[in-house]
Each structure stands twice: as structure tokens, then as C-alpha cells.
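Enquirer: My questions will all concern the structure given below.
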Amino acid sequence: MLLHIPAVLDTTTLARCIDLIKQADWADGRVTAGSQAATVKNNRQLPEISPVAQALRAIVLEALSKNPAFFSAALPRRISPPLFNRYGDTANAFGNHVDNAIRTHPPSAQHVRTDLSFTLFLSHPTDYDGGELIIEDGMGGRAVKLPAGDLILYPSYSVHRVEPVTHGARLACFSWLESMVRDPQQRELLHELDQSIVALRGEHGETDTAVQLTSCYHNLMRMWVTV
């Protein structure tokens, strides 16, 4: 599943994030990379313990918790604490890599199985050249460059990269999550069913058919969800 979720951050919240980032001190992004990724990673990143990163993290997690499209698609059980990166100048690219299967948050010693990854764009596409997120899908790769405030959700097992930023700076938030439904096909089926129910209600109201489909959805959740 590759899912574009628009306007996860509204204009006001996005402006608040950018104001915070202007106060940031960036570090080498390789500090959070796995052994393979570290060989191809060349960007800057906010230290996890920095006050700016902690404030930004709270904003992003609150926005995600209020976004029904994100919940429907991801069914998140745990979200690894979001991180923030910058591509530009000489630290401007991240070559082909696969995300680690398990992410560990050292302060809490919490482990997160990475079922899904996301990138939340914080820079407007006109602010920089290049910087496309390329997600390999067996058909040559999908290039993703979204408006500021929009999010792309994609499988963590995908090979992906960030193309070199040749002008300006690309700012983004990124993280990984463990879903309550581990199987990707089951998760996608639940998402499609949920979206169909929402569309049916929007067109016809609370009909008997909508109630029956809602019952099917929740019964499948009971079968497949692990909490």
C-alpha cells in the first residue's frame, strides 16, 4: 500500500513547525541508520533529545491521532517516536535502503516492528529541486514529492531512496509504525472496507446495508487485530 494522506498538518500547525525548526541545531543523520543504510545516508537530522525535536514530535503525534485516514490505513499499535531530517547543500541524498525490521527507542527500551513507514513533508515542493522519495514497487519505482503538510504511507519492506536535493532544502518528518493488523493484505482489505462504508454513508445515510457492512468490518477486526 502506498497512500497519500493530504493535510495531516494544517497551515497554522505547519507554520508553527517551521518556526520551531528555525531554532534547530542539526546533526549527522547517520546516527539513526542501520548498518546498510548508514553507507548510503547523507543528510542532517535533529537529535532525538533536543527540545525542538520533542516539541515537533508532540505536534506530529497529536495530528496523527486526529486523522481518520491515517488510522484507517495504518491501524497503528505503536508509532516509533517521529524524527526530523533536512536534505540540502552537501548533505543532500539517501541511497537505496530498506528500513530495519525492528526499531528500538533507547530511552524507553520499547521495540517497534516496522510494518509501515511514513514521510510527512514539511517543505513546499517549490522550495527545493530534486529530493523525490523513490519507492521501488517492481515497476520502476514511484516518485513522491508532496505538498507541505501531506504524508505518504508505505510498506517498510520497500526498497526506497531520496534523490539528491540540488537546490534549496527539503525538510521532513519520518517514522515507522507497528500495526495492530500485521498481515498487509488483511490491513488493506480492512482499509478498503472502511472507506467503502464511509462512502456509502455519505451517499445514502445510515442504511441497513451500511450497518451490516460495519458489523462485518468490526468482526474482521476482532479476528485479525492484535493489541
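The values are calculated or read from the model by the stated rules, or taken from the named source; none is laboratory data. Here the structure is a predicted model, which means the values were calculated and not measured. Counting neighbours? That spans all protein chains shown, and the Cβs are built from the backbone with ideal geometry, glycine included. The protein model used for the area step is the full one, side chains on, heavy atoms only, and it has no ligands, DNA or RNA in it. Shrake-Rupley method; radii C 1.70, N 1.55, O 1.52, S 1.80 Å.
Enquirer: Under a point-charge model restricted to the Cβ atoms of Lys and Arg (+1) and Asp and Glu (-1), what is the dipole moment magnitude of segment 81-158 relative to its Cα centre, in debye to the nearest 20?
Expert: Numbers: 5 positive and 9 negative charges, 54 e Å.
That gives a dipole near 260 debye.
Enquirer: Would you kindly state how much longer the chain becomes between Ser35 and Arg201 on full extension, computed as 0.36 nm times their sequence separation minus their alpha carbon distance, in nm to one decimal?
Expert: Values: separation 166, 0.36 × 166 = 59.76 nm, distance 4.82 nm.
54.9 nm is the gain from fully extending Ser35 to Arg201.
Enquirer: Taking the 0 to 90 degree range and rounding to the nearest ten, how far is the long axis of helix 184-204 tilted relative to the main principal axis of the chain, both from C-alpha atoms?
Expert: Its long axis makes an angle of about 60 degrees.
Enquirer: Also, I was wondering about something else. Counting only the heavy atoms of the protein chains, how much of Met1 is accessible to a 1.4 Å probe, in Å² to the nearest 10?
Expert: Only protein atoms counted, so the area is about 50 Å².
Enquirer: Would you mind checking which residues have amide H under 5 Å from Ser179's amide H? H placed 1.01 Å from N; only 5 or more apart, or other chain.
Expert: Residues meeting the criterion, in which the H sits 1.01 Å from N, are Arg77, Asp115, Leu116.
Enquirer: In what sequence, largest accessible area first, do Asp183, Asp25 appear using a 1.4 Å probe?
Expert: On the way: Asp183 60, Asp25 125 Å².
Result of the area sort, largest leading: Asp25, Asp183.
Enquirer: Starting from the Cα of Asp129, step 7 Å toward the Cβ, then list every residue of segment 77-108 with an amide N under 17 Å from that point.
Expert: 87-93
Enquirer: Direction-averaged shadow area of the convex hull around the Cα atoms of segment 1-123, nm²? Please list the in-between numbers first.
Expert: Working: hull surface 31.9 nm².
Averaged projected hull area, Cα only: 8.0 nm².
Enquirer: Over all directions, the average projected area of the alpha-carbon convex hull for segment 12-78 comes to how many nm²? All intermediate terms of the calculation are to be shown ahead of the outcome.
Expert: Details: hull surface 24.0 nm².
Spelled out: convex hull of the Cα atoms, projected over all directions, averaged, 6.0 nm².
Enquirer: Taking all protein chains together and a probe of 1.4 Å, list Ser50, Ser175, Ser108 from the most accessible to the least accessible.
Expert: Result of the area sort, largest leading: Ser108, Ser50, Ser175.
Enquirer: Treating the Cα atoms of the chain as identical point scatterers in vacuum, please give the log10 of the normalised Debye intensity I(q)/I(0) at q = 0.16 Å⁻¹, two decimals.
Expert: At q = 0.16 Å⁻¹ the computed log10 ratios are -1.15.
Enquirer: Please compute the alpha carbon radius of gyration of segment 127-203, then divide it by the globular-protein estimate 2.2 N^0.38 Å. Two decimals is fine. The partial results should precede the final answer.
Expert: Values: Rg = 16.0 Å, N = 77, 2.2 N^0.38 = 11.5 Å.
Here the Cα radius of gyration is 1.39 times the empirical estimate.
Enquirer: Now a separate question. Arg201 accessible area, nearest 10 Å², 1.4 Å probe?
Expert: For Arg201, the solvent-accessible surface is approximately 90 Å².
Enquirer: For segment 86-110 and segment 20-83, what is the separation of their Cα centres, given in Å?
Expert: Here the two parts' Cα centres lie 9 Å apart.
Enquirer: Kindly state, to the nearest 0.05, the FRET efficiency for Asn96 paired with Leu61, given R0 = 30 Å and r defined as their beta-carbon distance.
Expert: Taking R0 as 30 Å, the efficiency between Asn96 and Leu61 is 0.55.
Enquirer: Amide H neighbours of Arg86 under 5 Å, counting only residues 5+ apart in sequence or on other chains, H built in-plane at 1.01 Å?
Expert: The list, which skips near neighbours in sequence, is Arg44, Gln45.
Enquirer: Using Cα-only point scatterers and the Debye equation, what is log10 of I(q)/I(0) for segment 176-227 at each q in 0.17 Å⁻¹, rounded to two decimals?
Expert: Log-scaled intensity ratios, in q order: -0.55.
Enquirer: Output the 0 to 90 degree angle, nearest 10, between the alpha-carbon long axis of helix 11-21 and the longest principal axis computed from the alpha carbons of the chain.
Expert: Once rounded, the angle reads 30 degrees.
Enquirer: For segment 171-180, just list the computed ³J(HN,Hα) in residue order, Karplus coefficients 6.51, -1.76 and 1.60, θ = phi - 60°, integers in Hz, with x standing in for Gly and Pro.
Expert: Per residue, the Karplus-derived 3J(HN,Hα) values read 10, 7, 10, 8, 5, 9, 9, 9, 8, 5 Hz.
Enquirer: Using r as the Cβ-Cβ distance of Gln54 and Val227, and R0 as 22 Å, what FRET efficiency do you calculate, to the nearest 0.05? It would help to have the intermediate numbers written out before the result.
Expert: On the way: r = 27 Å, r/R0 = 1.22.
It comes to 0.25.
Enquirer: Something else now. If you roll a 1.4 Å probe over the chain with all protein chains in place, what percent of the accessible area is carbon or sulfur? Before the final figure, lay out the partial values.
Expert: Working: 6100 of 11240 Å².
Answer for the chain is 54 percent, counting heavy atoms of protein chains only.
Enquirer: Cα axis of helix 51-65 to longest principal axis of the chain: angle in degrees, 0 to 90, nearest 10?
Expert: Around 20 degrees separate the two axes.
Enquirer: How many angstrom separate the Cα center of segment 143-167 from the Cα center of segment 177-226?
Expert: So the separation of the two Cα centres works out to 28 Å.
Enquirer: Determine the per residue accessible area of segment 83-154 with all protein chains present and a 1.4 angstrom probe, expressed in square angstrom. Display every interim value, and only then the final one.
Expert: Working: 3010 Å² over 72 residues.
Normalised by residue count, the accessible surface of segment 83-154 is 42 Å².
Enquirer: Using a probe radius of 1.4 Å on heavy atoms only, what accessible surface per residue do you get for segment 1-73? Whole Å² is fine. Can you show the working numbers first?
Expert: Values: 3880 Å² over 73 residues.
Each residue of segment 1-73 exposes 53 Å² on average to a 1.4 Å probe.
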